[in-house]
1. Please list, ordered by residue number, the strands (runs of 3 or more DSSP E) wholly in the range 598-707 having 1 or more residues that are out of contact with any strand residue (DSSP E or B) (no Cβ under 7 Å at 6 or more places or on another chain).
2. Answer yes if at least one residue in the range 712-721 is under 35 Å from the mean Cα position of the chain (by Cα), closer than 20 Å to Ile646 by Cα and among the hydroxyl-bearing types (Ser, Thr, Tyr), and no otherwise.
3. So Ala561 clears everything in (1) exposed (fewer than 15 other Cβ atoms within 10 Å of the Cβ); (2) farther than 16 Å from Ala481 by Cβ; (3) of a type in the set (Gly, Ala, Ser) except one condition, right? Which one?
4. Determine whether Val971 is in a loop (DSSP other than H, G, I, E, B) and either in contact (Cβ under 8 Å) with a residue 60 or more places away in the chain or surrounded by 11 or more Cβ atoms within 10 Å (Cβ to Cβ) (or both).
5. With the condition kept exactly as written, say whether any residue in the range 154-166 is on the phi > 0 side of the Ramachandran plot, in contact with a Gly (Cβ under 8 Å, 6 or more places away or on another chain), at pLDDT 95 or above and polar (S, T, N, Q).
6. Tell me yes or no: at least one residue of the range 663-671 is under 26 Å from Ser592 (Cβ atoms) and either charged (D, E, K, R) or in the same structural domain as Gly704 (by TED's automatic domain parsing) (or both).
7. Being of a type in the set (A, V, I, L, M, F, W, C) and touching a residue at least 40 places away in the same chain (Cβ under 8 Å) is true for just one of Leu262, Leu221, Leu270, Leu248. Which residue is that?
8. What's the number of the only condition in (1) acidic (Asp, Glu); (2) closer than 20 Å to Asn179 by Cα; (3) touching a Phe, Trp or Tyr at 6+ places or on another chain (Cβ under 8 Å) that Glu240 fails to meet?
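The values are calculated or read from the model by the stated rules, or taken from the named source; none is laboratory data. Please read these numbers as outputs of a predicted model, since none were measured by experiment. Note: ideal-geometry Cβ built from the backbone for every residue, glycine included; neighbour counts use all protein chains shown.
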Amino acid sequence: MKRTILLFAHVCVAFFLNAQVTKTVNVTAGGLFSALTSVELSTVTNLTVSGTLDARDFKTMRDNMPVLADIDLSSVTIAVYNGTEGTGGTNAIDYPANGIPQYSFFSPATFIAKTSLKAFTFPTSITGIGKYAFRSCTGLLSITIPSSVTTLEEYAFRGCNNITSLNFASPSSLNSIGNFAFELCSKIGSLDIPASVTTIGRNAFSNCTGLTGLTFASPSLLTSIGNNAFNECRNLTSVEIPASVSALGQGAFQNCGGLTSLLFSTPSALTTINSSTFSGCTKLASINIPSTVSSIGSSAFYNCSKLVSIDIPTSVTSLGEEAFRGCIGLTAVNFSTPSALTTIGYNAFNGCNKLASVTIPGSVTTIQDNAFLNCTGLTTLIFSTPSSLSTIGYYAFNNCSKLTSVTIPASVTTIGEQAFGNCSGLSNVIFSTPSSITSIGRGAFVYCTGLTSVTIPTSVTTIERSVFFGCSGLISVTIPASVTSIGRDVFYNCSGLLSITTQKPVPVDLSSSSNVFYGVNKVNCKLYVPYQAKTLYAASNQWMDFSTITEMPGFKLSETAFNLASDEGSAVSVNITSDVTWTASSSQGWLSASPSSGSGSDTITLTAQANPLLVARIANITISATGLAPQTITVTQAGAPKVMDIEAGGLFSALTALELSTITRLVLTGTIDARDFKTMRDNMPMLTDLDISGSTIAAFTGLGGTNLNAGSYSYPENAIPDYAFYYSGTGTIKTSLKTALLPSSLISIGHNAFYNCNVLTSVTIPSSVNSIGNGAFAQCSSLKSMTIPSSLTSIGQSVFYGCSGLTSVSIPSSVTTIGNWAFYNCTGLTSVILPESVTTIGNEAFYYCINLASVNIPSSVISIGTGAFSMCSGLETITAEKLTPVDLTSSPFVFYNVNKTTCTLKVPFQVGTLYAAANQWNEFTKRTELPGFKLSATALTLNAENGSNALITISSDVDWLASSNQDWLTVSPATGNSLNEVQFTAQANLSVETRV
């Protein structure tokens, strides 16, 4: 009996689960839940509603009616609602009128969708469908969007993977389809986008894998198709993009593997084909890119393996990286003329192995790395003329193994690493002239085994490593005189080389570039070198390995650059050594060469007319000989000096704007002050040579001087003002100033006066100067030597800081103090002799003078500052003349990083033990005593009697001589060496006065 009842119960349950329960109800907004009984809520499958609904009622249908399958809201009006009881969650949300609420049938709390829902009839009055409204409603089979709908928000039907029919009622008002709106609706078979739609959001139909037909109703208003909008619609076969579309997003049709036909309606508004837009469309055979497109993005047609040909319109300016990479069926790329294309991107045509011919437009400036890498079918490469190409990137044409010839445009400045590497069929490389190329990149022609000869352009300065590595077919190569650097392995295994011609008179130094000619038969291969250069090559690293070094006929110039004064008849002579007939011609009428021709060695005199200009001018003398590269002598004639007599503060107003901007040489007489120095510093950018030796510097107080950070400031007379040629406020420096002649009345040079005048080569400090301010010549790295006047008693802080070009300095015996950092980082100094007057050497005074080999510290020095000779790693000898070592206990690091094992410390005779025990001095392991002598006493007292005498002991390792400055005192013996006793004997003192 129990079994029968249980079976009956199961049958009843099954009946109710499959039965359709229909309910028709008229409600007011928010009243659906109360209008239905609890049984109806749990059993109704088909619901027809009239009246007014709001978001609360949609929540009831979603959360309280578990078997609801068919909803008809055609007679419903949707009311506005603001509150916490709607579909969007527990926060107060505004739900607009006439809109299917957000999250209508997809819970934001549980992420559970209304999977029971199979059919839904929209109200005829709705204008919008909210975000996530039907997301993942996998039971839905068909949807018709009413004509009143204007907006379809993001994720509205995402994941409704059983929808087979999607219709937009006509006439549609829809203008936007939101992001991800129909993503993963994998059974939609065809789609007709209404003409009213202006925007299709990103991923709107991505992964609609069942989509086979896509049409856009006309006349379409569509302007934007978003990123990945139709991505992975693998069965889509044809698309015609409306003419109105101006933006086609990244990956819009990516991986539409079934797409065979793609058309752009004309006249198109499209300006950009974005990244990956058609990437992976493996059946796409052709495409008409609109003439309005200016940019083709990265990977735009990546792996479109059936694409046979492509026409790039004249409007395209850039072709992005990997744009056509992997288009293995591509046989032709046509760039329409006149082209606006400037850049062919990284990997743009990588692996297009059927591409046979390419003509690069003249507008292209850059071919980026790997652009045509592995285009193994490429036989013809043409660069249109005139070409603007400047850069051929790394591996740009690498492994284009069938390429036979290439002519590099004259505009190219750089050929990147392995740009033509492994082009084994390449037999001919021509560099158009006049070439602009300065560097041939590493391995640029590596393993171009078919290459037979190369003439490197005269513009090239650098041949990087392995450029012709493995070019076994190379027979001859010409290296121009312009080359200054050749990398390692450049001609490695160029086993077929028979001749190398180098036009450089002085061999390129190969000591840091190993194996440059490894594998070249140096017995069979002849090295041809310039006239009179054989001896140099025969003695130079790796060049000397060639058995046959032959000098070519030619000529040699003693100098190739000269500077002339501005005066009439300024002349210079250059020696020409020659075994050929030559001619000399001038590029300017103001410079003549005499003789202008010859047939052997001679002296050519170059004579200039007076330069009437205030600016320097340049002329070239070209020496030519038949069959030889011409050589050029460059002559720079100084501009005429501007000579002026001015009153203090009047320089700026005395010059025109043109003069201020062009004067190179200036001679001033009269009176000047700090305002005039400011004019020279800030308003005369070309000033190179300044002569104020005939002027007087007046005092000035006020604004407008050189010290702009101080406001009103007092500048003393007869002084180069502080910051005369350096503006500390902006860090502006006088980079043009080369020479300065200063007034003989000058007393002082102000702080930072010439700071960082880094081309200043000559300045003479008058003997009247008694003060030089801190940093006065700091960072004047072109100063070679400096004579300090005897009127100076101290060298202030940082005066010559960073004068790296300073090789010698003469310090007068008047100087007692060398200030902190005085010669800091003077890396060119090799030796320093300090006069006996110096008592103080400041902190880090000679810090990092790394080429300082010797220094002499006089006996007068009583103080040496912290780090005074720190980092002087080149020191070989230090001579300390003081009998008692200077105490360094309060001055750490005096000799830091001086090699105390190899540097010799020389000290006075018989005081080595004192230095061996003294702080820091004792760190030197090589100490030697200077030759000399030592007295047991330096003062004696004798009585007045005749014959009164006293003895001292002289310890010595040199011959010595003793003499008296008074007749009444005799010395015996008067000469000696080694250890001697010396007697001093006096005659009677008849005076009551003590005598000395």
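1. Result: 700-702.
2. Scanning the range 712-721, I find no residue that is under 35 Å from the mean Cα position of the chain (by Cα), closer than 20 Å to Ile646 by Cα and among the hydroxyl-bearing types (Ser, Thr, Tyr), so the answer is no.
3. (2)
4. So Val971 does not fit the description; no.
5. Step one: filter the range 154-166 for residues on the phi > 0 side of the Ramachandran plot, giving 155, 159.
So of that shortlist, the ones also in contact with a Gly (Cβ under 8 Å, 6 or more places away or on another chain) come out as 155.
Filter once more, so that each one left must be at pLDDT 95 or above: 155.
Of the ones still in play, those that are also polar (S, T, N, Q) are none.
No, because not a single residue in the range 154-166 is on the phi > 0 side of the Ramachandran plot, in contact with a Gly (Cβ under 8 Å, 6 or more places away or on another chain), at pLDDT 95 or above and polar (S, T, N, Q).
6. First, the residues of the range 663-671 that are under 26 Å from Ser592 (Cβ atoms): 664-665.
Among the residues that remain, those that are also either charged (D, E, K, R) or in the same structural domain as Gly704 (by TED's automatic domain parsing) (or both) are: 665.
Within the range 663-671, one or more residues are under 26 Å from Ser592 (Cβ atoms) and either charged (D, E, K, R) or in the same structural domain as Gly704 (by TED's automatic domain parsing) (or both).
7. Answer to the selection: Leu221.
8. Single failed check for Glu240: (2).
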